[in-house]
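The values are calculated or read from the model by the stated rules, or taken from the named source; none is laboratory data. Worth saying up front: this structure is predicted, and the values here are computed from it rather than measured. A quick note on method: Cβ atoms are made from the backbone with ideal geometry, for glycine too, and the neighbour counts reach across all protein chains shown. Accessible surface is based on the protein model in full, side chains and every heavy atom, while ligands, DNA and RNA are left aside. Shrake-Rupley method; radii C 1.70, N 1.55, O 1.52, S 1.80 Å.
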Amino acid sequence: MFVKYLTGFLVALSGALVAVWLTIPLPWLIGSLLFTAITKTAGVNSTSHTVFRNMGQWVIGTSLGLYFTPEVLAIISGYSPFIFAGMVFAILLGINGSLILRKWGHVDFKTAWFASAIGGASEMANLAEKNHARTDLVASAHSLRMIMVVVSIPFAFKFLNISGNYPGTEALYFFNTSGFFKLIILTSITGLIFKKLSLPNPWVLGPLLVTILLTGNDTILTYLPNEISKLGQLFIGWSLGDKFGPDFFKKAPRYLSVVAISNTLNLILAFGFSYLLFIISDIPFPTLVLGNSPGGIAEMAITAKVLSLGAPVVTAFHVSRMVFVLLTTSPLYHFFEKHLKPKTSIKRRID
């Protein structure tokens, strides 16, 4: 097993270094993700472990919290109407995706619903299992969604020549060894508590909460060196790419094709909705795109952080949306199942 982990790490590292050489946007994330996904689908015997993803998420959550100074928190509080609009928009995207997937993806309503909800892959898979949906199809849909969003948005920004519009406040702080170890202890304890309580994204939200509480009260223990940030991105990309296997696209080609089309439409809608919010707010357009995109907290926050596109605002959008989606996805499913009476009993062929 050690050889599989070592092979996976070397593949991810090679992809990151090649991406750096090719000047690809977010090279440590996208390079490791693409190399891992390509080699996994080609049959390379490698693997990752949840520990590495947890470490990557810890880096993201901890580093993001360092942005939430009292001034930044005051600014974000004024964006609450737009954040709420983003929460509702996410639900509408999920409804739209489920309709598309049910009609053309040859799956029942419950599978289409949980596969299309704009929430965490593991959380949606758990809800799918509880409601007797096809968990494997739900998980594969979210894996494909994540890789499409993570790869397409940075390249779109590069093509459109969109550059950073927020200062990197982390750079204002100095590294402190004792503060670094204190931060590790405090954030790790909180992450473990969140994990014990079965809260979503515990290794992002736990460390994020600790560092927000500290930074928001003008207590800065240290900042995270750039090398640690790169390693965190590599671990996230490695874990995302590891979800793909030799038979990933062979299980249900029609279904995954419809998922890809639905994700593409959602991305287009996210750009359009973000532009509407941009017109009526003072939030920069690229920040709104990242905040309303159908990606995950860690991945979109990394993108915002590396590209200096308003990481605190993007994080606020995604954390609020994640909580809202988790609280409403299951009740909405039962509402639609009861009142709209979709023909979920009819078994459809998955080609």
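Below are the figures for this structure:
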item	result
Leu26 vs. criteria on the phi > 0 side of the Ramachandran plot and open to solvent by less than 30 Å² (accessible area, probe 1.4 Å)	yes
In the stretch 185-200, residue modelled with the highest pLDDT [restricted to those that are open to solvent by 30 Å² or more (accessible area, probe 1.4 Å) and polar (S, T, N, Q)]	Ser188
Given (1) farther than 24 Å from Leu144 by Cβ; (2) at pLDDT below 85, index of the condition Phe285 fails	(2)
Residue in the stretch 45-57 that is charged (D, E, K, R), surrounded by 16 or more Cβ atoms within 10 Å (Cβ to Cβ) and over 24 Å from Thr187 (Cα atoms) present	no
Residue satisfying all of: in the stretch 64-73; outside any helix (DSSP H, G or I) and not hydrophobic (A, V, I, L, M, F, W, C); farthest from Arg145 (Cα to Cα) among these	Thr69
Unique match (being of a type in the set (Lys, Arg) and free of Cβ contacts under 8 Å to residues at least 60 places away in the same chain) among Lys243, Lys250	Lys250
Filter result (part of a helix (DSSP H, G or I) and loosely packed, with under 14 Cβ neighbours inside 10 Å) within the stretch 224-242	Asn226, Glu227
Every residue from the stretch 180-201 that is without any contact (Cβ under 8 Å) to a residue 12 or more places away in the chain and either outside any loop (DSSP other than H, G, I, E, B) or more than 18 Å from Val323 (Cβ to Cβ) (or both)	Phe181, Ile184, Ile185, Ile189, Lys195, Lys196
Candidates Ala304, Ala260, Ala298, filtered to the one that is open to solvent by less than 10 Å² (accessible area, probe 1.4 Å), touching a helix residue (DSSP H, G or I) at 6+ places or on another chain (Cβ under 8 Å) and modelled with pLDDT of 85 or more	Ala304
Subset of the stretch 263-275 that is touching a helix residue (DSSP H, G or I) at 6+ places or on another chain (Cβ under 9 Å) and among the hydrophobic types (A, V, I, L, M, F, W, C) - its residue that is surrounded by the fewest Cβ atoms within 10 Å (Cβ to Cβ)	Leu265
Per-region count, the stretch 62-73, residues surrounded by fewer than 18 Cβ atoms within 10 Å (Cβ to Cβ) and in contact (Cβ under 8 Å) with a residue 40 or more places away in the chain	2
Residues located in the stretch 228-276, provided they are aromatic (Phe, Trp, Tyr), over 16 Å from Met148 (Cα atoms) and over 14 Å from the mean Cα position of the chain (by Cα)	Phe273, Tyr275
Every residue from the stretch 4-50 that is out of contact with any helix residue (DSSP H, G or I) (no Cβ under 7 Å at 6 or more places or on another chain), in a helix (DSSP H, G or I) and modelled with pLDDT under 90	Thr50
